[in-house]
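What follows is a single structure, written as structure tokens, with notes after it.
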Amino acid sequence: MKNKSVLLITIILVILLAPSCSRDDLVLNQDYVTVSDLRCYCRDEKTFFLKPQKEINQLIELCDNQNVKVKGHIAEYGLCYFILLDLRNGEAIRVCINPDYFCTCNPTSFSHEDSAIINKILNSNKTDMCYINGVIRSYLRLTTVPTIEIHIAIESADDIFFESDINY
């Protein structure tokens, strides 16, 4: 009986202390938000399929073209993008370097600014926290399971910086 009471109390505490996604608490361009908070704010996947098309469009418009400050760790990178990861739970988001609207780019038209961004990434460490100032691109991705797709667009090396916990 004692073990069941402890288990019940533990479950209740986990539910009460679990992070929630509240649009009232989050200001996208004021403080640096986590990748998980941003995805939760912009996608609302728990009730997505229950919403009528008008509400889905409103959810897309809520984030699309909004300035955002987001933080995370770089998990992988390419010439036109990198993946920003929330280490707490594995949530990730694509950050696009000078993209078109759908986060595609032409590597043959690489600019000096694109090179500066990539150099910043290459000179960072995996343990460094990455801070991004960018613009959210949000759209409905129609596949077998429709989802609201979001990514962040950055245009300059000033839009990204790193902070390290390690003194070298």
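The values are calculated or read from the model by the stated rules, or taken from the named source; none is laboratory data. What you are looking at is a predicted structure, and each value in this text was computed from that prediction instead of being measured. Please note: Cβ atoms are built from the backbone with ideal geometry, for glycine as well, and neighbour counts cover all protein chains shown.
Some points to look at:
- Residue count, the range 63-107 (criterion: free of Cβ contacts under 8 Å to residues at least 12 places away in the same chain and of a type in the set (Lys, Arg)): 0
- The range 47-61, subset part of a helix (DSSP H, G or I) and modelled with pLDDT under 75, residue nearest to Ile136 (Cα to Cα): Phe48
- Looking across the range 141-162 at every residue that is at pLDDT 90 or above and of a type in the set (D, E, K, R), the one that is surrounded by the most Cβ atoms within 10 Å (Cβ to Cβ) is identified as Asp159.
- Extreme residue, nearest to Ser138 (Cα to Cα), among residues of the range 68-126 that are surrounded by fewer than 17 Cβ atoms within 10 Å (Cβ to Cβ) and acidic (Asp, Glu): Asp100
- Selection from the range 62-88 of residues that are over 30 Å from Ser115 (Cβ atoms) and modelled with pLDDT under 90: Leu62
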